Amino acid sequence: MPSTITLPAQPGELKAEARDLDFFYGAYQALKTISMPIYARKVTALIGPSGCGKSTFLRCFNRMHDLYPGHRYAGSIQLFPDAVNILDPQVDPIEVRMRISMVFQKPNPFPKSIYENVAYGLRVRGEKRRSYLDDKVEEALRSAALWNEAKDRLDELAVNLSGGQQQRLCIARALATDPEIILFDEPTSALDPIATGSIEELVSEIKKKVTILIVTHNMQQAARVSDFTAYMYLGDLVEFGETKEIFMKPRRKETEDYITGRFG
Amino acid sequence: MSRPLDPAEVRALIRRHRRWDLMFGILGLISLAIGILTLLTLFIDMAITGIPRLSAEFFTSFPSRRASQAGILSAWVGSILVMMVTAIVAVPLGIAGAVYLEEYARRNWLTDVIEINITNLAGVPSIIYGLLALGLFIYTFGLGQSILTAGLTLALLILPIVITTTREALRSIPQYIREGAYACGASRWQVIRHHLLPYGTPGILTGVIIGLSRAIGETAPIITIGALTFIAFLPPVPFTGEPPAGLFDWLNSPFTVMPIQIFNWTSRPDPAFHQNAAAASFVLVFMTLGMNALAIWLRYRLRKNIAW
């Protein structure tokens, strides 16, 4: 099924672009020739009913599928400015994950201290200078709006934080390495409305510096936080466009049905 | 047409269910009591016979032809040295094998075969390990009837236990912790080193200690490789034996271990030796229980800092 892509009148800087992306779990095709742009320092939301492939698509961006046997990519996702195809087998998935970080559906802090959680990405990169680590940890915690709550308990175990705090910690962990893109996989589905609100505020704040790709099953959330929206259905990209266009006057009947709640 | 049960019928039904509850509870309790009481009787009998024989001299004397002068010095020292060799060999090999199987190996028929074999190996009678060691370590490698041979043999014996418990410990770490670490750009080894091994440590340690406490009581394979039953000397302390004395001379020393000493005393006609055997068994049981207690305590301590 061909996608309906409506590019903005003044397209911004391109950060990444999927071209004819297919993805297979074994013989099952989970994504079908998906092509769409990701604009720099904008929030792009992926919406659609369960099983539409939005998380699968998201997890292509940091090659998370490579952890499991039976995956196969076809087509490309180019990452700009260097236009490297991050799905190329020649490209090490670790390199991709160093440039593109991720926040998961369920907060997944490591059973380590708050400090070590945030510093982990830097430790992986071999960073040992204590003062540099201290600075980066503080900067990341501030960006994740967690510094005030956490500054006096940096050595405490991260699992002692509340669910919302844990998720903000995971955002700090993702931010600490200065990624080019952050992937959010339904980051608020395990949180209460207040924690959800603070995460949404955070997303709007972070996008000033970083490109954001967010999967959400919550359409109000997509409408609130995103600049662009992609509606997916059964592995197809149905429609892509500016969020206000998608929500106010979708071009496709399927999109309209989903957004108005008649379907899905 | 079905209809809702009336209250009297519901009560009758519940009564019937409760009766089964009660019967099963009693049955379970009886089964448990049979096991525990048997063990307790044996243990108490052993304690009553053995404890009067326990004294400082008992621990610091070599075996003797006279029961009243015989002790377990060479036996407990031998047991500890053999356990050291066993642990040094089995722990790294077992953990490395388990990490490989869990984190590196692809799922295919070969890993399936390996997996099934490891499970089977855990059930192989220990005397088979003794025969293997006799053929391999003693006749082929010429390691002799030494502490090294015994340690290696018991290491083989407990390797499946260490591998299995380590794999379970690794498997109990949620996948989203791995994903979180990989998403930070960690390599596979970094994920293992920074996350899986530290978080798996309580489980791994438990497996190691349970393996060792099994090994410390093993008799059959040690007899097969020819541990001596009458040893009136200790293995050489490093650098003190006949020149050129080295650090590892004790590895090649003849030895005995606790179960062998017990077995030897039990097979003598003089009842005074049976008392010695009871006392030594009491010590051995305490060594085993002590190790298990250590495992439980360590697990408790380390788990406190690990939660998902």
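Over chain B, what is the relative contact order in percent, taking alpha-carbon pairs closer than 8 angstrom and at least six residues apart? Don't skip to the end; give the middle numbers.
Details: 369 pairs, mean separation 77.8, N = 308.
In percent, rounded to a whole number, it is 25.
Under the rule of -39500 (n - 2.57) per DSSP H run of 4 or more residues, summed and divided by the residues of chain A, what mean residue ellipticity at 222 nm is obtained, to the nearest 500 deg cm²/dmol?
One gets -9500 deg cm²/dmol as the mean residue ellipticity at 222 nm.
Note down the relative contact order for the range B:54-159 as a percent, whole number, built from C-alpha pairs under 8 angstrom at least six residues apart.
Result for the range B:54-159 is 31 percent.
What does the extension gain come out to for B:R188 and B:T266, with contour length at 0.36 nm per residue minus their alpha carbon separation?
In short, 22.8 nm is gained.
Suppose each label sits 7 Å from its Cα in the direction of the beta carbon; what would the A:Q29-B:R303 distance come out to in nanometres?
4.9
Which of B:L196, B:L42, B:L32 moves most in a GNM of chain B, Cα contacts under 10 Å?
Looking only at B:L196, B:L42, B:L32, the biggest GNM fluctuation is shown by B:L32.
Could you give the Stokes-Einstein D for the range B:7-51 in µm² per second, using the C-alpha Kirkwood radius, 25 °C, 0.890 mPa s?
186
For chain A, how big is the tail of P(r) above 33 Å, as a whole percent of Cα pairs? Don't skip to the answer; put the middle values down first.
Numbers: 6616 of 34716 pairs.
Result: 19 percent of Cα pairs exceed 33 Å.
At q = 0.31 Å⁻¹, work out log10 I(q)/I(0) for the range B:28-79 with the Debye formula, treating every Cα as an identical point scatterer and leaving solvent out; two decimals please.
Result of the Debye calculation: -1.06.
Using the membrane-span-like helix rule (whole DSSP H runs, Cα extent along the own axis of at least 15 Å, mean Kyte-Doolittle hydropathy at least 1.0), which helices of chain A qualify?
None clear 15 Å together with a mean of 1.0.
Take every Cα pair under 8 Å in the range A:143-198 that's 6+ residues apart, average their separations, divide by the length, and report that relative contact order as a whole percent.
39
Would you tell me the mean number of C-beta atoms belonging to other protein chains that fall within 10 Å of each C-beta in A:91-104, as a whole number?
3
Once you wrap a convex hull around the alpha carbon atoms of the range B:56-303, what is its projected area averaged over all directions, in nm²?
16.3
Can you list which of the chymotrypsin sites (Phe, Trp or Tyr not before Pro) found in the range B:195-284 are DSSP loop residues with at most 15 other C-beta atoms within 10 Å?
Filter output for the range B:195-284: B:F230, B:F233, B:F239, B:F248.
Counting other beta carbons within 10 Å of each Cβ, put B:S146, A:S189 in order, fewest first.
Going from least to most buried by this count: A:S189, B:S146.
With a cut-off of at most 16 other beta carbons within 10 Å, and DSSP calling the residue loop, which GluC sites (Glu not before Pro) in the range A:138-179 qualify? Please list them.
Those that pass, being in a loop and sparsely packed, are A:E156.
Taking only the alpha carbons of the protein assembly as shown, what extent do you get along each of the three principal axes, in Å, biggest first?
The principal-axis extents, from largest down, are 103, 83, 51 Å.
Could you tell me the center-to-center distance, by alpha carbons, between the range B:1-18 and the range B:37-93 in angstrom?
A separation of 61 Å, based on Cα centres.
Most exposed first by the Cβ proxy, i.e. fewest other Cβ within 10 Å, how do A:Y231, A:Y120 rank?
A:Y120, A:Y231
Extending each Cα 7 Å along its Cβ direction at A:L67 and B:Y176, get the distance between those two points in nm, one decimal.
1.1
Once whole DSSP H runs in chain B are found, which of them have Cα atoms spread over 15 Å or more along the helix axis and a mean Kyte-Doolittle score of at least -0.5?
Both cut-offs are met by B:7-50, B:73-99, B:109-121, B:147-171, B:197-216, B:271-303.
Can you give the calculated 222 nm mean residue ellipticity of chain B, where each DSSP H run of n ≥ 4 adds -39,500 (n - 2.57) and the sum is split over every residue, rounded to the nearest 500 deg cm²/dmol?
-22000 deg cm²/dmol
Using Cα positions and a limit of under 23 Å, work out the lysines in reach of A:K112, with same-chain residues fewer than 8 apart set aside.
Result set, ordered by chain and number: A:K128, A:K136, A:K151, B:K304.
Can you give the local net charge around A:P93? Use residues other than it whose beta-carbon is closer than 10 angstrom to its beta-carbon, Lys and Arg +1, Asp and Glu -1.
Overall, the nearby charge balance is -1.
Averaged across A:106-113, how many Cβ atoms of other chains sit within 10 Å of each residue's Cβ atom?
6
To the nearest 0.05, what FRET efficiency results for A:S162 and A:R129 with a Förster distance of 45 Å applied to their C-beta separation? Present the calculation step by step, with values, prior to reporting the outcome.
Values: r = 31 Å, r/R0 = 0.70.
That gives a FRET efficiency of 0.90.
What's the exposure ranking of A:R99, A:R153, going from fewest to most Cβ atoms within 10 Å?
Result, fewest neighbours first: A:R153, A:R99.
We did not get these values from a lab; they are worked out from the coordinates using the rules stated. Predicted, not measured: the structure shown is a model, and the values here were computed from it. Positions of Cβ are generated from backbone atoms using ideal geometry, with glycine treated the same way; all protein chains shown enter the neighbour counts.
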